[in-house]
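Accompanying notes for the structure given below.
The values are calculated or read from the model by the stated rules, or taken from the named source; none is laboratory data. These numbers come from a predicted model, not from an experiment. Note that we place each Cβ from the backbone using ideal geometry, even for glycine, and neighbour counts take in every protein chain shown. In case anyone asks, the SASA skips ligands and DNA or RNA and just uses the protein heavy atoms, side chains included. Shrake-Rupley method; radii C 1.70, N 1.55, O 1.52, S 1.80 Å.
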Amino acid sequence: SQNLNYVFNGLGVSYKYEDIDNKILPHQGWRLKAEFSSGKKTIQRNNSRPENFYDTLNLQSNQSEIFMIGERYWRLLPRSVFYIKNETKYIQNNQPLNNELYRLGGIKNLKGFDEDIMRVKAYSLLNLEYRFLLEKRSFLSAFWNGAITRDINKNTHYPMGFGAGIAFQTKT
């Protein structure tokens, strides 16, 4: 697995459904999204590499990707919200490149881990979070998240994290 230049030409479909009470900080409702794409990946030659570098590589291959995300928000009490999220991504290619793998870790997906610490070919991530609302856009939270990941060597890992946090709105 290398960091190589490539071009992906494909076709895809996407579906999105949203029924939430607030786009910035929802307290009630659903958010769903699903995408599928398939096409041909072509590795581009780089003149800075020796010509025989590409001899063992298949420069063209078929590739498909699946992405699904579901979020649900429940207002339990006037100042309490429970949030659950599942995010699943999968890339099907016999020769995945390091720079096209999914990056996990950090505040955006797998909390409790350094930003982009894992590069994987497939994962399914579950996030559970309780939020105690301090104001309209400020809250204290407690969370647990865990994932099932598969790397390019077909190894399966089960990272998980938990913790607490605070989010608050400022006048700026």
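From the coordinates of this entry, Rg and Dmax of the Cα atoms in Å is computed, and it appears in (1) 18.2, 60; (2) 19.8, 66; (3) 16.2, 49 under the label (2). Solvent exposure of segment 1-57 amounts to 72 Å² per residue of accessible area, where only protein heavy atoms count and the probe is 1.4 Å.
In a DSSP loop and with at most 14 other Cβ atoms within 10 Å, the trypsin sites (Lys or Arg not before Pro) in segment 39-107 are ARG45, ARG79.
Using the Cα centre of segment 1-94 as the reference point, and only Cβ charges (+1 on K/R, -1 on D/E), how large is the resulting charge dipole? Debye, rounded to the nearest 20. Could the numbers behind the result be given before it?
Working: 13 positive and 9 negative charges, 51 e Å.
The calculation lands at about 240 debye.
With a 10 Å cut-off between alpha carbons and a GNM built on the chain, which of ASP114, ASP55, ASP151 moves the most? Comparing ASP114, ASP55, ASP151 in the GNM, the peak value goes to ASP55.
Only lysine pairs 8 or more places apart, or on different chains, with alpha-carbon atoms under 22 angstrom apart are counted in segment 1-101, and they number 9. Within segment 138-172, the chymotrypsin sites (Phe, Trp or Tyr not before Pro) that combine a DSSP coil assignment with at most 11 other C-beta atoms in a 10 angstrom radius are PHE168. The residue among ILE84, GLY70, LEU57 whose Cα reaches farthest toward the positive pole of the charge dipole of segment 52-94, with charges on the beta-carbon of Lys, Arg, Asp and Glu, is ILE84. Calculate what fraction, in whole %, of the accessible area of the chain sits on carbon and sulfur atoms when a 1.4 Å probe is rolled over the protein chains. Roughly 54 percent of what the probe reaches on the chain is carbon or sulfur.
Taking a sphere under 15 Å around the Cβ of ASN3 and counting the other residues whose Cβ falls inside, with K and R at +1 and D and E at -1, yields a net charge of +3. Basic side chains Lys and Arg get +1 at the Cβ, acidic Asp and Glu get -1 at the Cβ, and with that the dipole of the chain about its Cα centre reaches some 380 debye. Count Lys and Arg as plus one, Asp and Glu as minus one, and take only other residues whose Cβ is under 13 Å from that of GLY165; the net charge is then +1. Near MET68: Cβ cut-off under 13 Å, other residues only, Lys/Arg at +1 and Asp/Glu at -1. The net charge is +1. Annotation: extensible slack from TRP74 through VAL13 equals 19.0 nm (criterion: 0.36 nm per residue apart, minus Cα-Cα distance).
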